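Laboratory data are not the source of any read-out in this text; all were calculated from the coordinates shown. Please read these numbers as outputs of a predicted model, since none were measured by experiment. When we count neighbours, we look across all protein chains shown, and the Cβ atoms used for this are built from the backbone with ideal geometry, even at glycine.
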Amino acid sequence: MSVPGDKAYDPSSLERRWQARWERDRTNSFSLEELRTARRPYFNLMMFPYPSAEGLHVGNIYAFTGADVHGRFKRLQGYDVFEPIGFDAFGIHSENFALKTGKHPSRLIPANIVNFQRQLRRIGGMFDWDHTVDTTDPEYYRWTQWLFLQFFRRGLAEKKGAPVNWCPSCMTVLANEQVIVGECERCGTGVEQRFIHQWFLKITDYAERLLRNLERIDWSDSTLKAQANWIGRSEGAQLRFPVYRPRAPGLIVEVFTTRPDTVFGATYVVLAPEHPLVDDIATDDRRAEVEAYRERTRAMDLVARRKIEKDKTGVFTGGFCVNPATGDRVPVWIADYVLMGYGTGAIMAVPGHDERDFDFATAHGLPITRVVAAAGEDADTPLAKAYEYPVGVLVNSGIYDGLEVDPGRDAIVTDLCKVRLARRRVTYRLHDWCISRQRYWGPPIPIVHCEECGPVAVPEEELPVLLPEVEDFRPDRSGVSPLARVRDWYEVPCPECDGEARRETDVSDVFLDSAWYFLRYPSTDFDDRPFDREITRRWLPVDMYIGGNEHAVLHLLYSRFVVMALKDMGLLDFEEPYDRFRAHGLIIREGAKMSKSKGNVIIPDPIIERYGADTFRLYLMFLGPFAEGGDYQDQGISGPHGFLHRLWESVVPEEGELSAEEADEGVERKLHQTIKRVTEQLAELRYNTAIAAMMEYLNAVRAGGRRPRRAEVEPLVCMVAPFAPHIAEELWRRLGHDESIFEGANWPAFDPARCVKNDARIAVQVNGRVRGTVLAPVGADRDEVMARARAEANVARHLEGTYVRRIVHIPDRLLNFVVVRAAGVGRAR
RNA sequence: GCCGAGGUGGCGGAACCGGUAGACGCGAAGGUCUCAAAAACCUUUGCCCUUGCGGGCGUGAGGGUUCGAGUCCCUCCCUCGGCACCA
């Protein structure tokens with residue numbers, strides 16, 4: 001492969017050559033046999049991209065390169081690294097683009113994928129192209145449908161009517177997670193509320209486990225926190241407020257509260273406008289007003305409703321409840337600040353100790369009672385605002401007066417439990433996962449609706465339910481999927497009674513596609529099962545997962561849920577899909593966010609063209625800590641580029657041959673230090689400092705124009721290989737190796753004994769200020785260092801005329817004389 | 001408002017467990033080579049005072065602990081990301 005006499009570094013031809021060779025030799029591909037027998041399997045996963053028409057952007061490349069560096073590092077350490085990639089090609093994103101350009105997604109996507117594959121090959125990723133996944137391929141989505149059926153069979157999928165987020169622009173339902181501050185995540189349009197029958201997966205059944213397991217998985221801290229927040233566990237009590245109606249008793253309003261200790265301060269009750277008891281509680285004279293308010297709320301989109309700053313509106317229903325603690329009659333209101341989707345959809349309002357209730361009470365002239373007094377306050381201290389801290393003693397609380405908040409809460413709940421007016425309860429913010437989409441570009445949900453039998457699963461042997469090719473795939477306002485217009489597709493006999501029936505015409509959420517794709521990768525050789533038991537046992541859970549924190553809650557939570565459920569079904573042997581997850585940072589450019597509108601987006605192809613993929617990869621990893629991202633400065637790329645040139649020139653000298661002499665002693669020490677640093681830092685994904693260490697080392701090797709020796713540069717070639725695999729292969733070859741550098745654990749070892757220097761440069765301080773440095777043998781004791789320090793002219797100067805009170809000695813690092821002026825000693829005494 | 005990350009030279013960023021702040025790179029200045037330029041290579045480069053030796057100041061602001069603080073503690077300001085009427 002090497003061309004004798006060809007001594008110039010020419011990245012573009014060299015990279016093309018090695019990419020072709022990896023392909024030819026199947027360097028990065030596993031055969032089925034290899035997957036079955038790999039000795040040190042390491043599943044290196046990265047989040048698969050959505051294949052857009054624009055092609056790979058720098059963000060993709062940054063993430064993939066960081067993940068690939070990790071994979072190649074592990075491989076050089078001798079692991080059998082499986083590094084697959086695929087395409088998350090279903091979903092609204094593709095569909096909207098198709099609608100805009102008038103091209104059918106089924107024609108658009110394959111072209112995009114071809115382009116992505118070309119680009120992904122070009123950046124030199126270690127991808128196994130024999131085990132790739134395309135979520136729009138019927139051979140893939142038949143198993144997505146199969147997955148849904150497993151949930152359906154076990155009662156973990158159900159269709160229920162629910163108020164949902166409706167995006168009037170995308171004309172579809174959105175999951176709560178896809179609504180950002182009341183707006184559609186994708187198009188920014190204000191989201192409305194609609195009541196539609198939808199398929200839900202019961203992720204809330206797993207809330208507690210999803211939360212608890214967070215403690216035992218090795219993930220980025222920020223991601224763990226985001227998940228915990230999203231699940232949003234709160235402990236509290238459900239209290240019963242009987243409706244006050246002497247003539248017809250029996251109705252009860254259940255409220256959820258985290259502060260049952262404040263129940264004596266509950267001066268009114270608020271129901272969500274959609275609450276089912278509103279009709280029963282409202283009195284005839286108030287009914288018109290109540291109805292008007294409910295109507296208004298219903299019409300209002302969630303944007304307006306979710307705005308916190310707005311004034312708290314609401315109306316009195318005319319009805320009353322009995323406060324179970326005080327026995328007082330309290331008025332029942334409805335207000336849109338109480339949400340039907342959380343807790344019981346009803347609250348006891350404690351205006352003295354809840355800011356929202358306080359605002360509402362103030363606006364509507366409702367009584368405010370203090371029931372907790374902080375230090376220095378008593379039962380009558382006026383409340384200028386709600387006192388929300390759960391600290392203090394109970395007041396105005398009958399027999400509980402004087403108890404601290406925590407024991408008070410316990411006592412109150414215990415007593416109310418005895419009379420069945422309370423029970424302890426844990427509530428989660430997490431909602432069930434709505435997977436129905438009234439769109440075209442997704443896998444049809446494999447259900448047939450039969451008048452007689454209800455919803456019936458499509459038999460597994462009939463999967464996939466193919467998405468029909470239809471030209472008119474636009475969604476419409478009706479809230480019904482485009483597939484509902486394709487009569488000869490949806491009209492089918494019932495699989496159970498053979499009677500007239502109709503296919504489910506909704507398709508499933510993209511997040512269902514990506515909730516299990518990692519299970520498929522190692523098993524793509526099988527078309528009769530989604531994932532092979534034996535192979536799955538060998539390769540999963542995923543050893544390392546690298547991706548963006550934008551998926552910290554959605555994708556990562558859903559895939560955890562899916563795996564947990566599959567484990568319970570006996571289909572998997574583990575319940576957490578990813579042993580380690582690391583979130584990468586974002587790339588900005590010259591201090592500003594990149595965006596198409598600003599026109600400051602980095603286009604990778606021309607950069608790769610000019611400098612080569614190796615330089616581009618190295619530079620991206622050099623920008624900053626991988627977990628935090630970095631600032632892409634156009635000029636900066638010349639640094640890493642120059643480094644690779646110097647590396648090349650060091651291994652392939654322009655004149656003469658590489659010296660075979662033993663490594664210089666000083667350089668060798670530096671080499672061992674460098675191997676140590678780079679090895680440790682790569683393990684922690686601290687790529688930027690690892691690269692800096694290698695640069696520093698190469699500078700030392702070439703210092704003063706000295707000629708590098710083979711033993712000095714060969715290990716460096718191996719260390720550079722994860723970042724710049726092509727040049728590393730070429731240099732490895734030129735160093736006389738026949739096999740790929742990635743075959744056979746070539747990561748260099750370091751000898752700790754050879755990392756240490758003979759002498760240490762020790763800082764000498766006088767009163768904490770550095771006045772000089774001295775050289776002393778490593779491990780030299782205090783007296784020896786002190787003697788050398790005193791011999792140092794500038795140190796001696798600063799010690800002159802002083803009295804040494806104390807000496808601080810940190811071996812091999814520092815010596816500090818703590819002194820006072822001699823003249824001052826006497827005075828101080 | 002809550003949660004998370006962060007604030008260090010002209011710029012991107014280093015700094016183990018509290019121990020010489022500014023590694024590495026960009027940019028800039030000077031030089032070598034060249035007819036010239038590019039590339040490459042060498043030197044300098046936190047700020048201020050000083051011919052030099054050297055000295056002073058310096059990690060968002062203010063206080064504290066310590067022989068010694070970018071690092072620990074308290075108060076505050078700002079930036080970025082996420083969540084947000086969640087009872």
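In the calculated pair distance distribution of the stretch A:436-483, what percentage of Cα-Cα distances lie above 13 Å?
The proportion of pairs with Cα distances above 13 Å equals 63 percent.
Considering all alpha-carbon pairs of the stretch A:233-428, what whole percent are spaced by more than 27 angstrom?
Values: 5114 of 19110 pairs.
Of all Cα-Cα distances in the stretch A:233-428, 27 percent exceed 27 Å.
If Lys and Arg each add +1 and Asp and Glu each add -1, what is the summed charge of the other residues whose beta carbon sits under 14 Å from the beta carbon of A:Asn794?
That works out to +3.
If you keep only loop residues by DSSP, which GluC sites (Glu not before Pro) in the stretch A:307-387 have at most 12 other Cβ atoms within 10 Å of their Cβ?
A:Glu309
Give me A:Thr802, A:Thr317 ranked fewest to most by other Cβ atoms within 10 Å of their Cβ, as a rough exposure proxy.
Taking fewest neighbouring Cβ atoms as first place, the list is A:Thr802, A:Thr317.
Taking other Cβ within 10 Å of each residue's Cβ, how do A:Glu665, A:Glu609, A:Glu183, A:Glu95 sort, fewest first?
In order of increasing Cβ crowding within 10 Å: A:Glu665, A:Glu609, A:Glu183, A:Glu95.
Per q in 0.16 Å⁻¹, report the Debye log10 I(q)/I(0) for the stretch A:636-754, using one uniform scatterer on each alpha carbon and no solvent.
Reported log10 I(q)/I(0), two decimals: -0.73.
So what's the stretch A:122-225 giving for Cα Rg divided by 2.2 N^0.38 Å, two decimals? Can you show the working numbers first?
Values: Rg = 18.3 Å, N = 104, 2.2 N^0.38 = 12.8 Å.
For the stretch A:122-225, the normalised Cα radius of gyration is 1.42.
Obtain the radius of gyration and the Kirkwood radius of the stretch A:162-269 from its C-alpha atoms and give Rg over Rh.
Numbers: Rg = 19.5 Å, Rh = 17.9 Å.
Reported Rg/Rh (Cα atoms, Kirkwood Rh): 1.09.
Kindly flag which residue pairs out of A:Lys312/A:Lys385; A:Lys7/A:Lys74; A:Lys202/A:Lys418; A:Lys160/A:Lys225 have an alpha-carbon separation exceeding 24 Å in this structure.
From the list (A:Lys312/A:Lys385; A:Lys7/A:Lys74; A:Lys202/A:Lys418; A:Lys160/A:Lys225), the Cα-Cα distance tops 24 Å for A:Lys7/A:Lys74; A:Lys202/A:Lys418; A:Lys160/A:Lys225.
log₁₀ I(q)/I(0) of the stretch A:759-828 at q = 0.11, 0.14, 0.22 Å⁻¹, via Debye over equal Cα point scatterers, no solvent, to two decimals?
Debye curve over Cα of the stretch A:759-828, log10 I(q)/I(0) at q = 0.11, 0.14, 0.22 Å⁻¹: -0.24, -0.38, -0.85.
For the stretch A:815-820, what does the Karplus curve 6.51 cos²θ - 1.76 cosθ + 1.60, with θ = phi - 60°, yield as ³J(HN,Hα) per residue in whole Hz, taken in order and with x for Gly and Pro?
With the stated coefficients, the stretch A:815-820 comes to 9, 10, 8, 9, 10, 10 Hz.
What are the membrane-span-like helices in chain A by this rule: whole DSSP H runs, Cα extent along the axis at least 24 Å, mean Kyte-Doolittle hydropathy at least -0.5?
Span-like helices in chain A: A:58-76.
Report Rg(Cα)/(2.2 N^0.38 Å) for the stretch A:60-136, keeping two decimals.
Dividing the Cα radius of gyration by 2.2 N^0.38 Å gives 1.31.
With a cut-off of at most 16 other beta carbons within 10 Å, and DSSP calling the residue loop, which chymotrypsin sites (Phe, Trp or Tyr not before Pro) in the stretch A:305-394 qualify? Please list them.
The qualifying sites are A:Tyr342.
Among DSSP beta bridges whose residues both lie in chain A, state the antiparallel percentage, nearest 5.
Restricted to chain A, the bridges split so that about 75 percent are antiparallel.
Rounded to the nearest Å, what's the spacing between the alpha carbon centres of the stretch A:740-772 and the stretch A:318-334? Just the number, please.
With the stretch A:740-772 and the stretch A:318-334 each reduced to a Cα centre, they are spaced 74 Å.
Count neighbours as other Cβ atoms within 10 Å of each site's Cβ, and list the GluC sites (Glu not before Pro) in the stretch A:388-497 that are DSSP loop with at most 13 such neighbours. Don't skip to the end; give the middle numbers.
Details: sites: A:Glu388, A:Glu404, A:Glu451, A:Glu452, A:Glu460, A:Glu461, A:Glu462, A:Glu469, A:Glu471, A:Glu491, A:Glu496; in loops: A:Glu388, A:Glu451, A:Glu452, A:Glu469, A:Glu471, A:Glu496.
Those satisfying the criteria are A:Glu451, A:Glu452, A:Glu469, A:Glu471.
Could you state, as a whole-number percent, how many of the C-alpha pairs of the stretch A:340-382 are farther apart than 13 Å?
Here the long-distance tail beyond 13 Å is 60 percent of all Cα pairs in the stretch A:340-382.
What percent do you get for the relative contact order of chain A when only Cα pairs under 8 Å and 6+ apart count? Walk me through the numbers on the way to the answer.
On the way: 1502 pairs, mean separation 115.4, N = 829.
14 percent.
If only Cα atoms are counted, what is the Rg of chain A, and what is its Dmax, in Å?
Just the Cα atoms of chain A yield Rg and Dmax of 34.2, 110 Å.
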